[in-house]
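The values are calculated or read from the model by the stated rules, or taken from the named source; none is laboratory data. These numbers were taken from a predicted model, which means no experiment stands behind them. The accessibility values were calculated without ligands, DNA or RNA, using every heavy atom of the protein model including side chains. Shrake-Rupley method; radii C 1.70, N 1.55, O 1.52, S 1.80 Å.
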Amino acid sequence: MLCFIGSCAHGASPLRAVPMLWVNLIMDTFASLALATEPPTSDLLNRKPYGRTKPLISRTMLKNIIGHAIYQMIVMLIILFYGDKLFNLDKASYEEKDNPTKHGTILFNTFVWMQIFNEINSRKCHGERNVFKGIFDNYIFVGVILGTTCAQIILIEFGGYAFSTKGLSWDQWLICVAIGAFELIWGQIVATVPKSVIPTGMRLGSQPFTQEEATQARMLWMRSLKRVQHQIRVANAFKRAGHERHRRLSLLAEASSNSFKSNPSDASPAHWWTKKSSESDIKLKGMKPATQPLLEEEDDTNV
């Protein structure tokens, strides 16, 4: 919208191609990386779950989008048309054919700082007041904010013709940063506005279930429930089999211990069922039990 209005009013876009790419990188890639890595908090347990028929873009989202868009558009239009008086510029041209100007640099710098501070507002988008709560728990978010800040300073002061920027004075820097920092206060004002000011019909993405979809969802739910019940029955069967085996081994061990106590002359440490199984294994192999004496083979030299 800003580029369209500036092109219509002055015949050229206020932001050139390279600054626009940097703005898109901040607002899309870096902001997504910073906000998507926020760790879960205990406050999520107090939030009600979202139904399948809820809209993709709720009234709270629309309230935040419209509220911050109003502030940013007002600020950018004021700088666009009255930037020469606000920043003590020699001329109000933000576009020259060969060299970048301070007017265009201030437009670009102010817009970027508003996005940086609005990223902090975006951490709490459900009406929470303290947007700084737990900010240092996410090192990626802090790193993205610091990296974006350092990169912006370098681009403004040393970008030159490649980035269509020109170095600013310290008072111009303070005004740009102050306008961007006011996003934090404006975020509190937007959070105060109730979401009821947004009409219900403006919600996007809501679509009620049809009768066929409801029947299909109910069938899938019943099928999943039966599958879970079957898995529970199988797990209980394995559990009972393990307990039964453990009980039988305990009884066999107890019987062996009682048998050994009643016949102390038997000095063999092996249990009676162990000896019985070993003898049966020897018979299956065609050998004589160890309890019977083996005949010594005749030596071939005596034949």
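Of all accessible surface on segment 38-154 at a 1.4 Å probe, what whole percent is carbon and sulfur?
Numbers: 4230 of 6750 Å².
Result for segment 38-154: 63 percent of the exposed heavy-atom area is carbon or sulfur.
Across segment 1-126, C-alpha contacts under 8 Å between residues 6 or more apart give a mean separation that, scaled by the residue count, equals a relative contact order of 32 percent.
Taking 29 Å as the limit for the C-alpha separation, the pairs K85/K166; K54/K124; K124/K166; K102/K124 exceed it in the case of K124/K166; K102/K124.
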